[in-house]
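The values are calculated or read from the model by the stated rules, or taken from the named source; none is laboratory data. Predicted model only: the values in this text are computed from it and were never measured. Every residue, glycine among them, receives a Cβ derived from its backbone with ideal geometry; neighbour counts consider all protein chains shown.
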Amino acid sequence: MTTYVVGDLQGCHDEFEALLERLEFDTRHDALWLVGDLVNRGPGSLACLRRVYQLGDAARVVLGNHDLHLLAVARGRSELKRKDTLVPVLEAPDRERLLDWLQAQPLIVTNGNEVMAHAGLPPQWRVEKAVQLASEVQDRLTGQYGGAFLEQMYGNQPDIWRDDLEGIERLRVIVNTLTRMRFINSEGLLDFTAKEGLDSVPAGYAPWFTFPRHDDPHILFGHWAALEGRTPGSRVNAEALDTGCVWGGRLTALNLDTGQRVSVPSRPGAN
C-alpha cells in the first residue's frame, strides 16, 4: 500500500486525473490524502468533488478555507465572490450529497507521526491538542448548529489562541489557525494581511514553520502556493504541497513511503 499526499486541487480536475494516472493510483491498495481546498478558482470544482467522493475510503480529506467558503455559500450563510467558480457545484443535481460529504470532513487527519492540516500546525499546539480542537469544530459543523456556525466563522478576531476562549470566538480562531495561517509571531499571533511569499514578511512575524516545536510530527500542509512547495528556514518537519496548479504552476503528490514527489503541469484552459 502506498499513501500519497496531494496539494490543493482548487478545481484543477484535468490535472488531478493526470496526476492519478501518473501515480498509477489504485484504490484497492493505495491511499490518497488531500490537503484541502478541493474547490474554487479553477473551472473543475464540481468534477474534483465528484472524483474525490468516488474514491471512497481510499481518500482522506481535510477542509481548507475555500471548502468552508463553498459550504457557507451553499447553506445560505455567505455570498459568492467575484472570482469564485462555484456555481456548477451549487447547481449540480447531486449537490446535497457532495456538500453533506464535504461538511463531514475534518480539519486534521493523523496517522502515526503524520499530521495533515490545510494551513499547517502552529508551534504552540502539540498534535494531541490540535486534534482535540479540530474535533470541536467538526462536531459543530456536523451538529444541529452547523449552519449558524458557517455564518459566524468569518472574521479575523480573535487572532491568537487563548485557553479561556469560548463559543464562536474559540471555534473561529481554531478554523483560522488551521485553514488560513501563514505568518505568526513568537506568541502565535496570526497575521492575515500578507499572502505572498517570503519576500513580504510583516515586521515582527515569520512563517509558522520557522518556529521550533516541543514535539516532532511530520506536518503536511497546502494553502500557501507562493512557497512553491518549499519551506526555507524551517525548524520543523513540514512538507508544503501547494505548488500553485490553479495559478499556472504544478499539481504535486508526495509519496509518504519514499519521500518522492511527483508533479504534473498546469493545463491553462483545461477542465
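Considering every residue within the range 204-216, establish whether at least one is of a type in the set (Gly, Ala, Ser), farther than 25 Å from Phe25 by Cα and surrounded by fewer than 16 Cβ atoms within 10 Å (Cβ to Cβ).
Checking the range 204-216: at least one residue is of a type in the set (Gly, Ala, Ser), farther than 25 Å from Phe25 by Cα and surrounded by fewer than 16 Cβ atoms within 10 Å (Cβ to Cβ).
Just to be sure I understand, how many residues within the range 62-96 are modelled with pLDDT under 95 and of a type in the set (Ser, Thr, Tyr)?
Of the residues in the range 62-96, 1 are modelled with pLDDT under 95 and of a type in the set (Ser, Thr, Tyr).
Over 29 Å from Gly167 (Cβ atoms) and out of contact with any Leu (no Cβ under 7 Å at 6 or more places or on another chain) - does that describe any residue in the range 113-128?
The answer is yes; a qualifying residue exists.
Output the residues belonging to the range 229-252 that are in a loop (DSSP other than H, G, I, E, B) and within 18 Å of the chain's Cα centre (by Cα).
Correct list: Gly229, Arg230, Thr231, Leu241, Asp242, Thr243, Gly249.
Considering (1) in contact with a strand residue (DSSP E or B) (Cβ under 7 Å, 6 or more places away or on another chain); (2) touching a residue at least 40 places away in the same chain (Cβ under 8 Å); (3) assigned to a helix (DSSP H, G or I), say which one Val131 fails and leave the rest.
Among (1) in contact with a strand residue (DSSP E or B) (Cβ under 7 Å, 6 or more places away or on another chain); (2) touching a residue at least 40 places away in the same chain (Cβ under 8 Å); (3) assigned to a helix (DSSP H, G or I), Val131 violates only (2).
Can you say whether Leu98 is in a helix (DSSP H, G or I), touching a residue at least 12 places away in the same chain (Cβ under 8 Å) and under 19 Å from the mean Cα position of the chain (by Cα), as far as the supplied structure shows?
yes
Give the residue, chosen from Ala59, Ala47, that is within 29 Å of Arg213 (Cβ to Cβ) and at pLDDT 95 or above.
Going through Ala59, Ala47 in turn, just one is within 29 Å of Arg213 (Cβ to Cβ) and at pLDDT 95 or above: Ala59.
Against the definition (touching a helix residue (DSSP H, G or I) at 6+ places or on another chain (Cβ under 8 Å), closer than 19 Å to Gly244 by Cα and surrounded by fewer than 23 Cβ atoms within 10 Å (Cβ to Cβ)), how does Arg41 come out, yes or no?
Judged against the criteria, Arg41 is a match.
Please tell me if Ala148 is out of contact with any helix residue (DSSP H, G or I) (no Cβ under 8 Å at 6 or more places or on another chain), at pLDDT below 95 and surrounded by fewer than 20 Cβ atoms within 10 Å (Cβ to Cβ).
Here the answer is yes, as Ala148 does meet what is asked.
Can you name every residue in the range 98-124 that is farther than 23 Å from Leu49 by Cα and surrounded by fewer than 21 Cβ atoms within 10 Å (Cβ to Cβ)?
Asn111, Gly112, Asn113, Glu114, Pro123, Gln124
Name the one entry in Pro268, Pro212, Pro217 that is under 22 Å from Gly11 (Cβ atoms) and out of contact with any Phe, Trp or Tyr (no Cβ under 9 Å at 6 or more places or on another chain).
Pro268
Please verify whether the range 47-55 includes one or more residues that are touching a residue at least 60 places away in the same chain (Cβ under 8 Å), in contact with a helix residue (DSSP H, G or I) (Cβ under 9 Å, 6 or more places away or on another chain) and either not in a strand (DSSP E or B) or not hydroxyl-bearing (Ser, Thr, Tyr) (or both).
Looking for residues that are touching a residue at least 60 places away in the same chain (Cβ under 8 Å), in contact with a helix residue (DSSP H, G or I) (Cβ under 9 Å, 6 or more places away or on another chain) and either not in a strand (DSSP E or B) or not hydroxyl-bearing (Ser, Thr, Tyr) (or both), one finds at least one in the range 47-55, hence yes.
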